[in-house]
Amino acid sequence: IMPKQALRSRSFWHISLAFMCQMVVINAVIVHVMPYLASIDLPRAASSLVASAVPIASICGRMSFGWLGDRMDRKRLSVTAFFLTSAGMVSFGWVADGGLWLLLPFLVFFGMGWGGAVIMRVGLLREHFGRKWFGTIYGFAMGIVMLGNLIGPTLSGWAFDRWSTYQGIWFAFAGLAIV
């Protein structure tokens with residue numbers, strides 16, 4: 001498929017917008033994990049361990065979903081990654097009220113969801129649009145996906161400045177990850 005055809009297809013826009021929503025959530029957490037944990041009085045040393053563990057957990061998701069993506073339906077795996085991200089966000093939002101033990105399910109679910117989504121994005125685009133124009137089509141898709149990188153951290157910071165808590169935005173992002 002030529003890039004112009006891809007840009008006119010519903011598949012391109014569904015994939016790009018779904019992963020843009022995912023990146024809203026992912027980058028909000030990456031940027032605000034330390035301020036959030038500080039806002040609930042977690043010591044800085046412990047917060048930095050959590051912040052370091054998030055990308056490590058995503059590596060496990062990338063390897064697992066990459067292996068599974070060669071054997072299973074990538075659309076279903078993408079949905080699974082989105083649900084894992086959502087479950088991680090719910091856990092993350094409840095840390096302030098439910099206890100620090102919720103950081104463990106957050107790390108597992110969020111990390112696996114993040115890593116899985118990264119791998120599935122590439123696989124889905126190649127599966128739908130082929131290899132010949134993959135670089136161009138992927139570049140257009142990533143331009144859309146990167147908007148999420150701008151929106152997520154900005155919206156999270158605004159929410160905290162407005163309400164002095166991150167909980168509401170984390171729960172809203174749990175819903176966005178499903179959308």
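Between residue 162 and residue 38, what FRET efficiency follows from the Cβ-Cβ distance if R0 is 22 Å, with the result rounded to 0.05?
Numbers: r = 18 Å, r/R0 = 0.81.
Efficiency for this residue pair is about 0.80.
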| field | Cα long-axis angle, helix 103-129 against the chain (0 to 90 degrees, to the nearest 10) | value | 10
| message | Suppose we keep just the alpha-carbon trace of segment 115-171; what are its Rg and Dmax in angstrom? | response | 16.0, 49
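Please get the size of the charge dipole for segment 80-179, origin at its Cα centre, with Cβ charges of +1 on Lys and Arg and -1 on Asp and Glu, quoted in debye to the nearest 20.
Values: 5 positive and 3 negative charges, 90 e Å.
Using only the charged Cβ atoms, the result is roughly 440 debye.
Calculate the FRET efficiency for residue 9 and residue 150 from the Cβ-Cβ distance with a Förster distance of 41 Å, rounded to the nearest 0.05.
Values: r = 25 Å, r/R0 = 0.60.
The calculated FRET efficiency here is 0.95.
May I ask you to derive the relative contact order of the chain, considering only C-alpha pairs under 8 Å and at least 6 residues apart, and to give it as an integer percent? Please report the intermediate quantities before stating the final value.
Values: 250 pairs, mean separation 70.7, N = 179.
Here the relative contact order equals 40 percent.
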| request: Evaluate the charge dipole of the chain about its Cα centre and quote only its size in Debye, nearest 20, assuming +1 on the Cβ of each Lys and Arg and -1 on the Cβ of each Asp and Glu. | output: 880
| 0 to 90° range, to nearest 10: angle between helix 134-163 axis and the chain longest Cα axis | 20
| query | Considering only 90, 136, 123, whose Cα is most displaced toward the positive end of the charge dipole of segment 61-147, charges sitting on Cβ of Lys, Arg (+1) and Asp, Glu (-1)? | reply | 136
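Test of the criteria: in segment 1-95, which trypsin sites (Lys or Arg not before Pro) are in a DSSP loop and have at most 11 other Cβ atoms within 10 angstrom of their Cβ?
Working: sites: 4, 8, 10, 44, 62, 71, 74, 75, 76; in loops: 71.
Qualifying residues, ordered by number: 71.
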| task | Report P(r) for segment 24-95: all Cα-Cα distances, bin width 10 Å, range 0 to the bin holding the largest distance, values in whole percent. | result | 17, 46, 26, 10, 1
| Once the convex hull of the C-alpha atoms of the chain is built, how many Å³ does it hold per residue, rounded to a whole number? | 101
| query | Between residue 171 and residue 127, what is the FRET efficiency for a Förster distance of 35 Å, r being their Cβ-Cβ separation, to the nearest 0.05? | reply | 0.60
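Rule-based calculations on the coordinates, nothing more; no lab input. What you see is a predicted model; the values in this text were computed from it and never measured. No Cβ is skipped: glycine too gets one built from the backbone with ideal geometry, and neighbour counts run over all protein chains shown.
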